[in-house]
Amino acid sequence: MARSSSVAKSADNSTEIRPYQNLAERLFQLAENDDSWQGEIMRDTVDKIASADSPEAIFDANDSGPGGLKDAEELLNKPLAVDFDTFRYIKSAEQYRTNNLGVFLVFDAYDDNGEKTTISTGAPNVVASLARLQMIHKDGDLASPYRLMFKSKQTSRGYNLLLVTRAV
């Protein structure tokens, strides 16, 4: 079921659809049309658990799902090559859809040694940035994988804000 877009009022009281609303709706439709990935993440993890031959392997398998950028210090402040062709948009749980894009993103990235990491994030500015980069890539104007860096910045209220920047 598609969600309804809210319409923002501009300074002159006219109603217009804002760019973020169009992007959020597009991403929500992508996620809605491809929900097969939701089960695939679980199946991959359970495959690893079922194949584990030691308690350590079982616990490692439990921890092997997509790493979230918000809590993954080891992924911050280092260059990663993001593979646009692996992007999977997944609908957020109902309680996380308000004041948000309504989706989170799961994708593969590679460090400088070629080690693959599967990452998930629901940070609206990061999802929107990566989605736009993917759209530019699909138009043929951007190579994949693309080198990016994820950073955390503390706001004046003490919150940690996740940012995405070009890797140098």
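Of the numbered conditions (1) closer than 22 Å to N160 by Cα; (2) modelled with pLDDT of 70 or more; (3) basic (K, R), K70 satisfies every one except a single condition; which is it?
For K70, the exception is condition (2).
Would you be able to tell me the number of residues in the stretch 141-167 that are among the hydrophobic types (A, V, I, L, M, F, W, C) and closer than 16 Å to G122 by Cα?
So the count comes out to 5.
For the stretch 88-99, does any single residue satisfy the condition of being closer than 24 Å to E73 by Cβ, among the charged types (D, E, K, R) and surrounded by fewer than 20 Cβ atoms within 10 Å (Cβ to Cβ)?
No, because not a single residue in the stretch 88-99 is closer than 24 Å to E73 by Cβ, among the charged types (D, E, K, R) and surrounded by fewer than 20 Cβ atoms within 10 Å (Cβ to Cβ).
Scan the stretch 100-147 for residues that are acidic (D, E) and surrounded by 18 or more Cβ atoms within 10 Å (Cβ to Cβ) and jot them down.
Matches in the stretch 100-147: D108 only.
State which residue is surrounded by the fewest Cβ atoms within 10 Å (Cβ to Cβ) when the search covers only the stretch 3-45 and only residues that are modelled with pLDDT of 80 or more and of a type in the set (A, V, I, L, M, F, W, C).
This residue is I17.
Is it fair to say S156 is surrounded by fewer than 15 Cβ atoms within 10 Å (Cβ to Cβ) and of a type in the set (S, T, Y)?
yes
Could we say that A109 is touching a residue at least 60 places away in the same chain (Cβ under 8 Å) and either closer than 23 Å to E25 by Cα or not acidic (D, E) (or both) here?
Against the criterion (touching a residue at least 60 places away in the same chain (Cβ under 8 Å) and either closer than 23 Å to E25 by Cα or not acidic (D, E) (or both)), A109 does not qualify.
For V82, only one of the following conditions fails: (1) outside any strand (DSSP E or B); (2) under 23 Å from Q29 (Cα atoms); (3) among the aliphatic types (A, V, I, L, M). What is its number?
(1)
Determine if the stretch 97-108 includes at least one residue that is among the basic types (K, R) and part of a strand (DSSP E or B).
Looking through the stretch 97-108, none of the residues is among the basic types (K, R) and part of a strand (DSSP E or B).
The values are calculated or read from the model by the stated rules, or taken from the named source; none is laboratory data. Since we're looking at a predicted model, the values are computed, not measured. Here Cβ is always computed from backbone atoms with ideal geometry, including for glycine, and neighbour counts include all displayed protein chains.
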